[in-house]
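Heads up: the structure comes next, in structure tokens.
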């Protein structure tokens, strides 16, 4: 059965044998939680102590994180890949071989290299934090009572899908786990399936990503056709093999990779398959955090990052430039488009959703530029070129890291806000019958009040200090305020986009987009924070919001520090992260050298062009955009409200700018452009129309054909065989005499046949 | 290749060679004796002294336990089953049991051992599952006559199961027409009675009667054929007959004799047109017994056919002696088509399974035809024995895994029968809601019967079809690969049997899947919504069948090795 455990370990790690547990533990927890939940539903111990499965999930995710961390630690010794695989052979016997049938092999293996390590950490770390958050968020909301076990079961399966996708050793397994995630996103977005909008959003997310998946699978089949395998090992060594590559058409390969890229576009919600992401906010907030930070959307980025060896191959030099441009262009367009739509959103989570889209687009642009550099420069032999390529690639990956951490925190913080606003609303309106029925949604005022709308908030900075701080740090990281989180990686992406634009004028467009996008990011993120936390409470509800519970605070607290300490990561060489040990962690440089280097590189670049570019980017991203927001939104807090000292300067600055430079933006807000943005540029409208006209029309015709032609033939065959069956069965009369007669007839038949022959 | 080791009865190595049979024999004795152990006393004649001799009288509590016989039978059969499996561990010795004059009576080798494995395996599962079928009203002296009677006949039921197993294994071992016939009749008579065992039920009695009458006619014809062979060759020995066949196998007498033997075994495997009593018998018998008929009894018929056709009337002996090939081809085609078409309209799940069993018999006969064809036609022969071994391995594999999913299906019906009735398709209605485990198990058995990957049924069907096609294409395969141009006219006609199998499999999907529709989507019958009767034994047996069905599908290589060893040991000239 098991043909052998092929261990091709480049770095010897005894932990490799435990690596499958990272995937298996959550996967096995899925049926366990579901089963226990069904059995013990409403049991007080299950509900209060086990948190309806939340604790099981917590234990499992913590174990996955611990194993992941140990593995990562072992990997950091050097930057080669680790591999361990088990093959299972089906139809494996000499008997099959005699019939010219070769046995079918199903192998699963673990493949770890520098890209894996990054995503493995992001996924397992954030999954655990989101799990902690969920216990505070889901289990305290009466709507979810007695069905949280479903949430936790699907949650762990989702995490298992992401971890499996990251660790898998072939594109085939990547695809399998990719689809597991697709399924779980459907289930979780539609968690409140009794709400039509949630059911619709789930369907939309599933179908939209499915469009990408179809292309992905076509791309995979083409890959299989070219390389005869989908194993990373086989493919990545084949692209470095001169004789093999001589027989591969680079344009076909480019098409295959391009089709796979469409899959990534769907999964990572890029233009034009971005429509599902904002609707995905219908799921519970932990799900949004999970999809947007830890798992789903990173899958597409991971897939593109996995394509690096193709672009880096010596034998494909200059052949894949067009694809690199398309990746960067899609990123550029989405970055600006999503940011523009985020300008006018009133729903707290929707702003974050569009921000996710926009930031992912940055990473795509970064990857596209890195791919271009790898594909055009002679990076494998030339040390300077080498440096440029890995810095470009590392910047994109580092932005993935920063964005995941910051966005995870932002979503959890927003969840905390929504949760408390919702509770405050309940508290106000159900003051008398507070304990009677929490989930009564039939009453009118419930419908009117939107706990997610920023128009109902304001001035929360004093009421929820930790949440406000977390949100502030997260927003700063996304905006790229100097020294905080995403600054390092975003500067890298912008710089590299311009570096490429100087080489190839086509890239001028994406480079411009990311630069403009920086300003737009500054605006909408500031707007979101100010509308929520600064100014005076806009509703009575917002004035009564209280502080959140501990489960929710833990992840916010942890992530605030992770985001703030991005400089340390940068110093360790995160921005230089690429398949080479020279620039990696644990190189000769110590941490302080690294930080000093990063500082000087960012702020005092020797190259005049990049020196100017850096300050331009800082000026528009950290001054122009936020400044505009400061003058439009927020203002001083209500009388007597106190904020934590570190937020005071911002509130003061806001009040000062707001009072002095506030201007009336009604004209812009009511313009056609604004309306178009509010309607998400009519993408949904046109997609729906196209669906109705083309797909539904085609479906109707097919249904008709199926009913009349196909079913008709089948029905004919069925009635025909049934009547024959009737005749045949009627010969079994039930009388032993007749049976003997038949035996006799048979015997005589045999007799005469043999007699005649003999 | 080891040579035959001759052993006289009770000589050296006798016990090792016949260990499974001896276990069964010991179990039979235990089944007869143990329920009679009690506080009986014996008066010494002429005195008033009574001596305790533990036989008769008031039974002890443990010996009067009505479940006792079931356990004895299960343990006995299980031990025999384990013994046969263990004997494969370090290769089966070829051992012949001979008379003083040196005549071979029984031959133990891989081939017979694997069939013993099938028989004992099926019987163990059936015996174990039957514990929940026979009603037990309690233990103790205060029972009514009816209850006492019910308790008593528990032993009878399991005695019949053991004799059935003993008879079957004798058929598997026989090297002599007379021994073969004795084994065949021992097994047949046991099954006749088992079918009619519930004599309170009219259907069962009628079915048993019909099965007996038609069976005796078939047996009579078969015996007539055997006597014709004896008349012609003057011997009952297989090897003597085979040698004679080489010299003058074209005589009408042996040919007609073989033809008549075909009738006798044709009834056992339920080949058309001798299959008519089978649906009645399956429907009338209790489900575990029907399961035995469909698996063990059928395997016995197949081994008889293989021995008679491939050893005695070996086609390689003479070219004209192969007329039975055509005959068998026609029978197999008619059988599989008939079975499938009749099953299509069947509304009784047991009859449906009976017809599906007929169809599977057709597939097996097609495979045997292909083995014959390979031996017969010189132009087809590739590597000596290779194709024949491949097909024979497939046949054996099919018979082994059939125990898992055919018997399993009958056991699920057995649970429903305890609930009242399983004679309508609608009795299965809503099973998914009543007991999901049974519904899922039944569904997997059904799709395995239909041959859906990756289940055991798929592997066995694939192997059979692949083997037949290989035989039909023969040497052409390599030449086609090398660019040779061949059409359908060039392949041997057994190729069409493989095609017929494929078409028949497609037809069979309809009635197999319909069971799933009824179980999962239709409502239970009126008044049958509650939980099903308890009984862990039958569920355990179903679980075992289910695991085997799944496991043999994905990890078939070990079992296939055993089957290959067995296939190679049928005819040593093949290597």
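Worth pointing out:
- Selection within the stretch B:540-556 - surrounded by fewer than 20 Cβ atoms within 10 Å (Cβ to Cβ) and either in contact with a strand residue (DSSP E or B) (Cβ under 8 Å, 6 or more places away or on another chain) or within 14 Å of chain A (Cβ to nearest Cβ) (or both): B:550, B:551, B:554, B:555
- The helices (runs of 4 or more DSSP H) located wholly in the stretch B:336-436 that include 1 or more residues which are within 11 Å of chain A (Cβ to nearest Cβ) and modelled with pLDDT of 85 or more occupy B:349-376, B:386-402.
- Selected residue [over 30 Å from residue A:460 (Cβ atoms), at pLDDT below 75 and in contact with a helix residue (DSSP H, G or I) (Cβ under 9 Å, 6 or more places away or on another chain)] from A:603, A:574, A:507: A:574
- Among the helices (runs of 4 or more DSSP H) confined to the stretch A:94-176, the ones with at least 3 residues that are within 14 Å of chain B (Cβ to nearest Cβ) and surrounded by fewer than 21 Cβ atoms within 10 Å (Cβ to Cβ) are located at A:94-98.
- Yes/no for residue B:458 being touching a helix residue (DSSP H, G or I) at 6+ places or on another chain (Cβ under 6 Å), at negative phi and either buried (at least 23 other Cβ atoms within 10 Å of the Cβ) or within 14 Å of chain A (Cβ to nearest Cβ) (or both): no
- Look at (1) more than 12 Å from chain A (Cβ to nearest Cβ); (2) closer than 30 Å to residue B:252 by Cα; (3) crowded, with 24+ Cβ neighbours inside 10 Å; (4) at pLDDT 90 or above and you find that residue B:331 fails only one, number (1).
- Restricting the stretch A:434-472 to residues that are within 32 Å of the chain's Cα centre (by Cα), part of a loop (DSSP other than H, G, I, E, B) and within 17 Å of residue A:143 (Cα to Cα), the residue that is modelled with the highest pLDDT: A:452
- Residue match in the stretch B:465-480 (condition: surrounded by 21 or more Cβ atoms within 10 Å (Cβ to Cβ), within 14 Å of another protein chain (Cβ to nearest Cβ) and at pLDDT 90 or above): yes
- Those residues of the stretch B:227-248 which are within 14 Å of chain A (Cβ to nearest Cβ) and surrounded by fewer than 24 Cβ atoms within 10 Å (Cβ to Cβ), in sequence order: B:228, B:232, B:248
- Residue A:630 vs. criteria touching a helix residue (DSSP H, G or I) at 6+ places or on another chain (Cβ under 8 Å), surrounded by fewer than 17 Cβ atoms within 10 Å (Cβ to Cβ), modelled with pLDDT of 80 or more and assigned to a helix (DSSP H, G or I): no
- Within the stretch B:257-305, the set of residues being in a helix (DSSP H, G or I), within 14 Å of chain A (Cβ to nearest Cβ) and under 11 Å from the mean Cα position of the chain (by Cα) comprises just one member, B:268.
- Those residues of the stretch A:749-758 which are at the interface with chain B (Cβ under 7 Å from one of its Cβ atoms) and either farther than 17 Å from residue B:214 by Cβ or at pLDDT 90 or above (or both), in sequence order: A:751, A:753, A:754, A:755, A:757, A:758
Yes/no matrix, rows are residues, columns are (1) in a helix (DSSP H, G or I); (2) at pLDDT 80 or above; (3) surrounded by 12 or more Cβ atoms within 10 Å (Cβ to Cβ):
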residue: A:592; (1), (2), (3): yes, no, no
residue: A:611; (1), (2), (3): yes, yes, yes
residue: A:620; (1), (2), (3): yes, yes, yes
residue: A:641; (1), (2), (3): no, no, yes
residue: A:649; (1), (2), (3): yes, yes, no
residue: A:657; (1), (2), (3): yes, yes, yes
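- Scope the stretch A:715-729; condition at pLDDT 85 or above and more than 7 Å from chain B (Cβ to nearest Cβ); matching residues: A:715, A:716, A:719, A:720, A:723, A:727
- Among the residues of the stretch A:697-723, those identified as surrounded by 11 or more Cβ atoms within 10 Å (Cβ to Cβ) and either within 39 Å of the chain's Cα centre (by Cα) or in contact (Cβ under 8 Å) with a residue 40 or more places away in the chain (or both) are A:697, A:699, A:702, A:706.
- Verdict on residue A:746 being assigned to a loop (DSSP other than H, G, I, E, B) and within 14 Å of another protein chain (Cβ to nearest Cβ): no
- Considering each residue of the stretch A:82-91 in turn, at least one proves to be touching a strand residue (DSSP E or B) at 6+ places or on another chain (Cβ under 6 Å), closer than 26 Å to residue A:405 by Cβ, modelled with pLDDT under 80 and more than 14 Å from every other protein chain (Cβ to nearest Cβ).
The values are calculated or read from the model by the stated rules, or taken from the named source; none is laboratory data. Please read these numbers as outputs of a predicted model, since none were measured by experiment. For neighbour counting, all protein chains shown are included, and Cβ atoms are generated from backbone atoms with ideal geometry for every residue, glycine included.
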